[in-house]
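Since the structure comes first, as structure tokens, the remarks are kept for the end.
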Amino acid sequence: MTEKSEFFNPELETMDREQIEKLQLERLKTTVEHCMHSAFYKQRFKEAGLEPGDIRSLDDIRKIPFTTKQDLRDTYPFGMASVPLSQCVRLHSSSGTTGNPTVILHTQKDLNEWANAVARCLWMVGCRPDDVFQNTSGYGMFTGGLGFQYGAERLGMLTVPAAAGNTRRQLKFFTDFGTTVVHAIPSYATRIYEVMQQEGIDPRRDTKLRTLVIGAEPHSEEQRRRIQDMLGVKAYNSFGMSEMCGPGVAFECKEQNGMHIWEDYYIVEIVDPKTLEPVPDGEIGELVLTTINREAMPLLRYRTRDLTRIIPGECPCGRHHKRIDRMKGRSDDMIVLRGVNIFPIQVEQVLMRYKELGSNYLITLKTDEVNDSMTVEVELAQSYTGGHDAQKALIKSITSRLHDEILITPLVMLLQPGSLAQSEGKAVRVKDLRSVFK
Ligand code: AMP
Ligand code: ZN
């Protein structure tokens, strides 16, 4: 049996399935009642001929219409609030590439609960008050900044709000402050290592780094292993999104086998993105989340567009909250090339198996004379010394393995380390230059 001290909130974390579902039903009913204060949901329920009293069991959730990102845009900025604005103390907004951005409102209670959720995640992977936590996320509207800040403070760690970029300064903080835990998006974690190499810093010898929290963007198991080996840390996957507060939705435990989704905060459904019908545990589909512990702006059956699956079976850690698998990607990120469906993560999985390669890559889609084509540019590892012939053989091998994985033969190009542009936020992995007029 896992020690009680391994849990931040033993009562909520170790509930059995029956207790979880009982609490979920209570909270779902309260949430649905509360949503009737939102003009949007009041109208939605009316249109669906639904009354809050119709929700009597957890299965009844399926009677409720889905909420989409478009709904958030249509009601921008405050149309979904379930409390008066005077009770809200913060908003976060994620910028939309098209149309209105989206806004999420929080009351003080929402912020407290969010901090509790993030603290619970960090505690789960071994963070304790004597740790020093450095956050390399952008602060401001991006929830990875303030979300981790308040969670780490709630746990009681000394926190370093270093914010994004300025990697040399980050390294100085690591060594000067004795940082033990870092939060970084995966593409930035590899950047940190590159700069360490340039500066002659050996993370095992010169820092106290022990735990890395990586999330906010899709990454493969291969990428995680690489990051762990490079930095000499354990790296834990963290999943969140602004619409659900931000970080703290689902997080890996020490087993590193799927992310526990906190079911006292969320009801999780996985649906077939086409039929919108539930898929059985173990099958991949779209993640749909209902917030059941939020005041300012609850969301019912929110279609996240993220593709994942429930990992069947029990986790040895003693938590019965369901586990979701590493994200396969977002349904809107799927590349359809010459009729073949490809997720960028499939390309990454292949590339990351080569120790000759670095961690940065870019997929470019173009329209050639007749066909659409894919180019995969990937940086060589800093330690790579192969000559012309070796590189030719390497390209051949990568091309053939990529073909096996994605059924398309891309043009593979090897680049010198540091050639690809680094973004401060989430990495841009795909450039689609295809002509829509063919
Ligand atoms: P944002 O609301 O800007 O923080 O973006 C949230 C989105 O980032 C999610 O819907 C996912 O597509 C992606 N995301 C967040 N965490 C992860 C993760 N651990 N793995 C893969 N994708 C993630
Ligand atoms: Zn577990």
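The values are calculated or read from the model by the stated rules, or taken from the named source; none is laboratory data. Everything numeric in this text was worked out from a predicted model, so none of it was measured. Here the Cβ is made from the backbone with ideal geometry for all residues, glycine too, and neighbour counts use every protein chain on show. Quick note on the areas: whole protein, heavy atoms, side chains included, nothing else; ligands and nucleic acids left out. Shrake-Rupley method; radii C 1.70, N 1.55, O 1.52, S 1.80 Å.
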How much area per residue is accessible in segment 1-331 when the probe is 1.4 Å and only protein heavy atoms are counted (Å²)? 41 Å²
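Go through segment 214-254 and name the trypsin sites (Lys or Arg not before Pro) that are in a DSSP coil and have 15 or fewer other Cβ atoms within 10 Å of their Cβ. Walk me through the intermediate numbers first.
Working: sites: Arg224, Arg225, Arg226, Lys234, Lys254; in loops: Lys254.
Within segment 214-254, the qualifying trypsin sites (Lys or Arg not before Pro) (loop, at most 15 other Cβ atoms within 10 Å) are Lys254.
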Which of the GluC sites (Glu not before Pro) across segment 358-398 are loop residues per DSSP, with 14 or fewer other Cβ within 10 Å? Glu369
Which residues' amide hydrogens lie under 5 Å from the amide hydrogen of Arg90, considering only partners 5 or more residues apart or on another chain, with H built in the peptide plane? His106
For the chain, just list the percent of Cα-Cα distances falling in each 10 Å bin from zero outward, please. 4, 20, 29, 26, 15, 5, 1, 0
Restricting to bridges with both residues inside the chain, how much of the DSSP beta-bridge set is antiparallel, in percent to the nearest 5? 60 percent
Calculate, for segment 335-437, the solvent-accessible area per residue in square angstrom, rolling a 1.4 angstrom probe over the heavy atoms of the protein chains. 54 Å²
Each label point is 7 Å from the Cα along the Cα-to-Cβ direction; what then is the distance between the points at Arg62 and Glu26, in nm? 2.6 nm
Would you compute the Debye intensity of segment 335-437 from its alpha-carbon atoms alone, equal scatterers and no solvent, and pass along log10 I(q)/I(0) at q = 0.21, 0.24 Å⁻¹ to two decimals? -1.15, -1.40
Surpassing 21 Å at the alpha-carbon level, of the pairs Lys328/Lys426; Lys42/Lys69; Lys22/Lys69; Lys29/Lys63, are Lys22/Lys69
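What part of the accessible area of the chain, given as a whole %, is carbon or sulfur when the probe is 1.4 angstrom?
Details: 9720 of 19420 Å².
C and S atoms contribute 50 percent here.
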Largest first, please: the extent of the C-alpha atoms of segment 1-118 along each principal axis, to the nearest Å. 51, 33, 29
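So between Met413 and Gln43, what do we pick up on full extension, going 0.36 nm a residue minus the alpha carbon distance?
Details: separation 370, 0.36 × 370 = 133.20 nm, distance 5.36 nm.
Extra length from Met413 to Gln43 when fully extended: 127.8 nm.
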Sorted by chain and then number, the residues having a modelled amide H within less than 5 Å of the amide H of Val160, at least 5 places away or on another chain, are Phe133, Gln134, Asn135
Any chance you could check the Cα centroid distance between segment 13-36 and segment 385-438 for me, in angstrom? 47 Å
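What Kirkwood radius, in Å to one decimal, follows from the Cα pairs of segment 289-346? Don't jump to the answer; show the numbers that get you there.
On the way: mean 1/r = 0.0703 Å⁻¹.
Computed over Cα pairs of segment 289-346, the Kirkwood hydrodynamic radius comes out at 14.2 Å.
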Multiplying the sequence separation of Ile395 and Glu221 by 0.36 nm and subtracting their Cα-Cα distance, what value in nm do you get? 60.4 nm
Those trypsin sites (Lys or Arg not before Pro) from segment 56-154 that are DSSP loop and have at most 12 other Cβ neighbours within 10 Å turn out to be Arg56
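Over its Cα atoms, what ratio of radius of gyration to 2.2 N^0.38 Å does segment 223-325 give? The partial results should precede the final answer.
Numbers: Rg = 14.4 Å, N = 103, 2.2 N^0.38 = 12.8 Å.
Rounded to two decimals, the normalised Rg is 1.12.
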